[in-house]
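J.: Pasting in a structure now, in structure tokens, and then I'll have a few things to ask.
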Amino acid sequence: MTTENIHFNENDRIFYNDGYELAQSAFQQGFTKETLFAAIESLYAAIDGLNDSIVALAKRQKSDVACFNGCHWCCHQAVFANSYEIHYLSEKIKEKFTSKELDALIVRSNAKHTKTSKLNEAEILNYKAPCPLLDEGSCSIYASRPMACRIYLSTKLETCLEFYNHPDNADNYPALIDFPLRAGQMMNEGFRAALKKNEIETAEFRLEEGLHIALKNNQVSI
């Protein structure tokens, strides 16, 4: 997506440019898997730092963010990730998981992909099934999780529970904080734009779809 296709406000432009410059740094250093992954890690560190500030501010205002590693209600819904995120995630999985754990993850990813690939957009957004990476209520690769997982900050656990139990309830939606959602989106848009400028095409996948391809068929490129 080019800047002409995005409606910017001042904050949007800042975060878009941050993402763009981070991706550009990979090319300035000589584009390799290592420089790309370093740029992705810097991207994630930037949004994590922003989230830390938001959480700290919420605590000072007696309005705590309800999310923490181990609260897994949002880990049953649709998650979308860019191909460079899937590439990074799959490599981190291969580094961390034993062959037995990897085989089990592939089975779970394939099973969810088989189901969600048959759903239309509306059905996917309301479909609930555990993320293949969920292990006893916690993310098994938390430090390497995609941007979409990092920017999903809710202030009311009960709204997440209601969305999990009754996703078709049009009167309820998780009480998400808008600022990190927009910031993460803009940073990813900038990152993708820099890759495209350097003739690197990207795509978006459902998480289980990307894992199905990357881990089983080893076909996802950046």
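The values are calculated or read from the model by the stated rules, or taken from the named source; none is laboratory data. Nothing here was measured: the structure is a model prediction, and the numbers come from that model. Here the Cβ is made from the backbone with ideal geometry for all residues, glycine too, and neighbour counts use every protein chain on show.
J.: Tell me which residues, restricted to segment 95-109, are in contact with a Leu (Cβ under 9 Å, 6 or more places away or on another chain) and not in a helix (DSSP H, G or I).
T.: PHE97
J.: How many residues does segment 145-167 hold that are over 17 Å from HIS72 (Cβ atoms) and touching a helix residue (DSSP H, G or I) at 6+ places or on another chain (Cβ under 6 Å)? Give the steps one after another, and end with the answer.
T.: First pass over segment 145-167, keeping only residues over 17 Å from HIS72 (Cβ atoms): 147, 155, 166.
If we keep only those that are touching a helix residue (DSSP H, G or I) at 6+ places or on another chain (Cβ under 6 Å) as well, we get 147.
Selection size over segment 145-167: 1.
J.: Mind checking whether some residue in segment 87-105 is closer than 28 Å to ALA193 by Cα, among the polar types (S, T, N, Q) and modelled with pLDDT of 95 or more?
T.: yes
J.: Right, LEU153: without any contact (Cβ under 8 Å) to a residue 60 or more places away in the chain and either on the phi > 0 side of the Ramachandran plot or under 18 Å from the mean Cα position of the chain (by Cα) (or both) or not? Reasoning before the result, please.
T.: On the way: without any contact (Cβ under 8 Å) to a residue 60 or more places away in the chain: no; either on the phi > 0 side of the Ramachandran plot or under 18 Å from the mean Cα position of the chain (by Cα) (or both): yes.
No.
J.: Report the residue count in segment 185-214 for those that are over 25 Å from LYS94 (Cβ atoms) and either in a helix (DSSP H, G or I) or touching a helix residue (DSSP H, G or I) at 6+ places or on another chain (Cβ under 8 Å) (or both). Steps first, please.
T.: Step one: filter segment 185-214 for residues over 25 Å from LYS94 (Cβ atoms), giving 185-187, 189-190, 193-194, 196-199.
Adding the requirement that they be either in a helix (DSSP H, G or I) or touching a helix residue (DSSP H, G or I) at 6+ places or on another chain (Cβ under 8 Å) (or both) leaves 185-187, 189-190, 193-194, 196-198.
Residues that pass the stated criteria total 10.
J.: Yes or no: LEU36 more than 16 Å from ARG145 (Cβ to Cβ) and either part of a helix (DSSP H, G or I) or among the acidic types (Asp, Glu) (or both)?
T.: It is true that LEU36 is more than 16 Å from ARG145 (Cβ to Cβ) and either part of a helix (DSSP H, G or I) or among the acidic types (Asp, Glu) (or both).
J.: Using the structure shown, decide if ALA23 is closer than 29 Å to GLU121 by Cβ, out of contact with any Ser or Thr (no Cβ under 9 Å at 6 or more places or on another chain) and buried (at least 17 other Cβ atoms within 10 Å of the Cβ). Give the steps one after another, and end with the answer.
T.: On the way: closer than 29 Å to GLU121 by Cβ: yes; out of contact with any Ser or Thr (no Cβ under 9 Å at 6 or more places or on another chain): yes; buried (at least 17 other Cβ atoms within 10 Å of the Cβ): yes.
Judged against the criteria, ALA23 is a match.
J.: Is it the case that segment 151-158 has a residue that's more than 24 Å from VAL55 (Cα to Cα), assigned to a loop (DSSP other than H, G, I, E, B) and charged (D, E, K, R)?
T.: The answer is no; no qualifying residue exists.
J.: Right, here's the next one. Given the options ILE14, ILE47, name the one that is β-branched (Val, Ile, Thr) and either touching a Phe, Trp or Tyr at 6+ places or on another chain (Cβ under 9 Å) or within 19 Å of LEU176 (Cα to Cα) (or both).
T.: ILE47
J.: Next question, about the same structure. Being of a type outside the set (Ser, Thr, Tyr) and surrounded by fewer than 17 Cβ atoms within 10 Å (Cβ to Cβ) narrows it down to one of LEU153, LEU157, LEU176, so name that one.
T.: Working: LEU153 fails: surrounded by fewer than 17 Cβ atoms within 10 Å (Cβ to Cβ); LEU176 fails: surrounded by fewer than 17 Cβ atoms within 10 Å (Cβ to Cβ).
Of the residues listed, the single one that is of a type outside the set (Ser, Thr, Tyr) and surrounded by fewer than 17 Cβ atoms within 10 Å (Cβ to Cβ) is LEU157.
J.: Which is surrounded by fewer than 14 Cβ atoms within 10 Å (Cβ to Cβ), under 23 Å from HIS87 (Cα atoms) and under 19 Å from the mean Cα position of the chain (by Cα), of GLU201, GLU189, GLU209?
T.: GLU201
J.: Please identify the pairs in which a residue from segment 75-87 that is among the polar types (S, T, N, Q) has its Cβ atom under 8 Å from the Cβ atom of a residue that is in a strand (DSSP E or B) and surrounded by fewer than 20 Cβ atoms within 10 Å (Cβ to Cβ), counting only partners at least 6 apart or on another chain.
T.: Listed by first residue and then by second, the contacts come to ASN82/GLU204; SER83/GLU204.
J.: Moving on to the next point. Can you tell me which residue within segment 52-81, out of those that are among the charged types (D, E, K, R) and outside any loop (DSSP other than H, G, I, E, B), is surrounded by the fewest Cβ atoms within 10 Å (Cβ to Cβ)?
T.: Filtering segment 52-81 for residues that are among the charged types (D, E, K, R) and outside any loop (DSSP other than H, G, I, E, B), the one surrounded by the fewest Cβ atoms within 10 Å (Cβ to Cβ) comes out as ARG60.
J.: Within segment 159-176, which residues are closer than 30 Å to ALA45 by Cβ and either outside any loop (DSSP other than H, G, I, E, B) or not hydrophobic (A, V, I, L, M, F, W, C) (or both)?
T.: Passing the criteria: THR159, CYS160, PHE163, TYR164, TYR173, PRO174, LEU176.
J.: Which one of these is under 24 Å from PRO174 (Cα atoms), in contact with a helix residue (DSSP H, G or I) (Cβ under 6 Å, 6 or more places away or on another chain) and part of a helix (DSSP H, G or I): LYS128, LYS92, LYS112?
T.: Working: LYS128 fails: part of a helix (DSSP H, G or I); LYS92 fails: under 24 Å from PRO174 (Cα atoms).
Sole residue among the options that is under 24 Å from PRO174 (Cα atoms), in contact with a helix residue (DSSP H, G or I) (Cβ under 6 Å, 6 or more places away or on another chain) and part of a helix (DSSP H, G or I): LYS112.
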